[in-house]
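The values are calculated or read from the model by the stated rules, or taken from the named source; none is laboratory data. These numbers come from a predicted model, not from an experiment. Here Cβ is always computed from backbone atoms with ideal geometry, including for glycine, and neighbour counts include all displayed protein chains. Side chains are part of the model used for accessible areas, which takes the heavy atoms of the whole protein and leaves out ligands, DNA and RNA. Shrake-Rupley method; radii C 1.70, N 1.55, O 1.52, S 1.80 Å.
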Amino acid sequence: MTDTNANRMWGGRFQMSPSEIMEDINVSIEFDKRMAFEDIAGSKAHAAMLAAQGIIGAEDAKAISEGLDRILGEIERGEFEYSRALEDVHMNIESRLKEMIGEPAGRLHTARSRNDQVATDFRLYIRACIDAFDVALRNLQHALATKAAAHAGTIMPGFTHLQPAQPVTFGHHLLAYVEMLARDRGRFADARKRLNECPLGAAALAGTSFPINRHATAETLGFDRPTANSLDSVSDRDFALETLSAATICALHLSRFAEEIVIWSTPQFGFIKLSDRFTTGSSIMPQKRNPDAAELCRAKVGRIAAALQSLAMVMKGLPLAYSKDMQEDKEVTFDALDSFRLVVAAMAGMVEDMEPVPATMHAAAGAGYSTATDLADWLVRELNLPFRQAHHVTGAIVATAERRGVALENLTLDEMQAVENRITKAVFSVLSVENSVKSRSSYGGTAPQNVAKTAADWVARLETEANSG
């Protein structure tokens, strides 16, 4: 006996409705409804093309377009009622369209499938995310470069192995992240280029016998061209994988910076102060100022990287063309990209608000014999020692300073000459942290004049981008 509750959108082949469990595992409306705007845009482009090609009548196309605009209004006003029984955003919109305009709604799905429809919607959604990320990352770069320009000469310790290595400037340190973010933006831009092909018209997997114009729909939707192979069109999720990969790498960069913010803001380091806007207190310890925003940014990379791994595992064994497994592409991707968007915004806010503590940074920069390399370089330049010998001599001088418990510049000339008798008092000119950073004037080095110029160049470049965009 026929079950009248069978899904009316695809139920002609079926005699009974899905079980409740089947509905639970199959339904996607809770998360894919966020693609409603993209779905309506794709449907309007498809209907216009069908009419232009004479596949449907102009009056039907007009009714479809006007109906879709009305649905869009309902969604924007929060009046649209989504139904789990209709599975996904595509069927919900089509069903509502039929309620509004009747029979013409049934012509909208001519020459397309949910397979190419969802692939198109998903690409449109990801493309919009990438565009928004580019603006957000540019803003973060600008915040970093602006702060770097203000602190081009603020000396701090540079670290390797989290041990004091050589003095650098705070501005130079911040500019390292500007460079990382530039590469991140490049990865997103590359992903966008490959993404920007339109699957609409590939239908279920083999194309269609209707005389459609895929170039027209691609152009209408802002794609560079239609996809070239119908099988690949509906089964490809490289665009999501690439975007998640770019987001993961960028989130790793931001997590590294978040870790530094956490460390720098501790009383043990005391390099920076965070504002009340991006810290929290303790429920029991009134003295606490916790860098929770940085800690959460550090943690969010787990969700983003996990989404990349999740989608890779979904796709790894799928034969062409479409399988229902691919419904699992969206929920993790949406969650990851939401997390990424939040991390970038939080980092920009922290950078704008953070204030360095120059005196503490300067004192730390001289700790740990951080100008030892400058001493070794001086021995090479002035005494013509081979670097390995100069390295050995410097190590012996550092050992002397350690035994005495003093900084290198506080050793006497006699103490240094006891290790290498040709050393002159001119050596003291390279042992201060100020002279150390000033001397690092090679391209890309930490010399304040380098940092000031590079920061200014970045600020100008980013502001030009913003104004031209």
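So which residues in the stretch 354-376 are open to solvent by less than 40 Å² (accessible area, probe 1.4 Å) and outside any loop (DSSP other than H, G, I, E, B), if there are any at all? Steps first, answer last, please.
Going through the stretch 354-376, the residues open to solvent by less than 40 Å² (accessible area, probe 1.4 Å) turn out to be 354, 356-357, 361, 364-366, 370-372, 374-376.
Selection gives Pro356, Met361, Ala364, Ala365, Ala372, Asp374, Leu375, Ala376.
Here are Val427, Val451, Val380: which of them is outside the structural domain of Glu179 (by the TED database), under 20 Å from Leu175 (Cα atoms) and of a type in the set (Val, Ile, Thr)?
Of the residues listed, the single one that is outside the structural domain of Glu179 (by the TED database), under 20 Å from Leu175 (Cα atoms) and of a type in the set (Val, Ile, Thr) is Val451.
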Self-check item: Within the stretch 174-209, tally of residues that are farther than 24 Å from Leu241 by Cβ and out of contact with any helix residue (DSSP H, G or I) (no Cβ under 8 Å at 6 or more places or on another chain)
Solution: 4
Quiz item: Across the stretch 397-412, what is the total count of residues that are of a type in the set (Asp, Glu) and surrounded by 12 or more Cβ atoms within 10 Å (Cβ to Cβ)?
Solution: 1
Practice problem: Could you list all residues from the stretch 21-43 that are modelled with pLDDT of 95 or more and crowded, with 18+ Cβ neighbours inside 10 Å? | Solution: Met35, Ala36, Glu38, Asp39, Ile40, Ala41, Gly42, Ser43
Quiz prompt | Condition broken by Leu231, with the remaining ones in (1) open to solvent by 20 Å² or more (accessible area, probe 1.4 Å); (2) more than 24 Å from Thr333 (Cβ to Cβ) satisfied | solution = (2)
Self-check item: Matching residues, the stretch 80-105, being at pLDDT below 95 and small (Gly, Ala, Ser)
Solution: Ser83, Ala85
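Table: residues versus (1) farther than 24 Å from Gln141 by Cβ; (2) open to solvent by 50 Å² or more (accessible area, probe 1.4 Å); (3) part of a loop (DSSP other than H, G, I, E, B).
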residue	(1), (2), (3)
Asp414	yes, yes, no
Val419	yes, yes, yes
Asn435	yes, yes, no
Leu462	no, no, no
Self-check item: Unique match (being aromatic (Phe, Trp, Tyr) and outside the structural domain of Val314 (by the TED database)) among Phe239, Phe170, Phe223
Solution: Phe223
Self-check item: Evaluation of Leu320 against (1) within 18 Å of Val351 (Cβ to Cβ); (2) among the hydrophobic types (A, V, I, L, M, F, W, C); (3) open to solvent by 50 Å² or more (accessible area, probe 1.4 Å) (one fails), failing number
Solution: (1)
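What residue, of Arg127, Arg70, Arg138, Arg96, is within 26 Å of Ala36 (Cα to Cα), in the same structural domain as Val234 (by the TED database) and assigned to a helix (DSSP H, G or I)?
Values: Arg70 fails: in the same structural domain as Val234 (by the TED database); Arg138 fails: within 26 Å of Ala36 (Cα to Cα); Arg96 fails: in the same structural domain as Val234 (by the TED database).
Being within 26 Å of Ala36 (Cα to Cα), in the same structural domain as Val234 (by the TED database) and assigned to a helix (DSSP H, G or I) holds for just one of Arg127, Arg70, Arg138, Arg96, which is Arg127.
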Practice problem: Considering (1) of a type in the set (S, T, N, Q); (2) touching a residue at least 60 places away in the same chain (Cβ under 8 Å); (3) open to solvent by less than 30 Å² (accessible area, probe 1.4 Å), say which one Thr220 fails and leave the rest. | Solution: (3)
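Would you please name the residue that is most open to solvent (accessible area, probe 1.4 Å), looking only at residues in the stretch 437-453 that are of a type outside the set (A, V, I, L, M, F, W, C) and under 14 Å from Thr371 (Cβ atoms)? Explain how you work it out, then say what you get.
From the stretch 437-453, those of a type outside the set (A, V, I, L, M, F, W, C) are 438-446, 448-450, 453; that's our starting set.
Subsequent filtering for residues that are under 14 Å from Thr371 (Cβ atoms) retains 438-440, 446.
Details: Lys438: 130, Ser439: 67, Arg440: 56, Thr446: 8 Å².
Only one residue tops the list, namely Lys438.
Restricting to the stretch 99-122, what's the tally of residues that are assigned to a helix (DSSP H, G or I), open to solvent by 10 Å² or more (accessible area, probe 1.4 Å) and charged (D, E, K, R)?
Here is the first cut: in the stretch 99-122, the residues assigned to a helix (DSSP H, G or I) are 99-101, 103-107, 114-122.
This time we only want the ones that are open to solvent by 10 Å² or more (accessible area, probe 1.4 Å), so: 99-101, 103-104, 106-107, 114-115, 118.
Checking which are charged (D, E, K, R) leaves us with 99, 103, 107, 114.
Adding up the residues that qualify gives 4.
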Practice problem: Starting from the stretch 252-277, take each residue that is over 25 Å from Asp184 (Cβ atoms) and list its partners that are among the basic types (Lys, Arg), counting only C-beta distances under 9 angstrom and pairs at least six apart or across chains. | Solution: Lys273/Arg289; Asp276/Arg289
Quiz item: Only one of (1) in contact (Cβ under 8 Å) with a residue 40 or more places away in the chain; (2) closer than 26 Å to Gly445 by Cα; (3) within 37 Å of the chain's Cα centre (by Cα) is not met by Ala359, so which one is it?
Solution: (1)
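Here is a list: Ala149, Ala189. Which entry is open to solvent by 30 Å² or more (accessible area, probe 1.4 Å), of a type in the set (A, V, I, L, M, F, W, C), under 30 Å from Asp232 (Cα atoms) and at pLDDT 95 or above? If you could, list the steps in order and put the result at the bottom.
Values: Ala149 fails: under 30 Å from Asp232 (Cα atoms).
Step by step, each of Ala149, Ala189 is checked, and only Ala189 is open to solvent by 30 Å² or more (accessible area, probe 1.4 Å), of a type in the set (A, V, I, L, M, F, W, C), under 30 Å from Asp232 (Cα atoms) and at pLDDT 95 or above.
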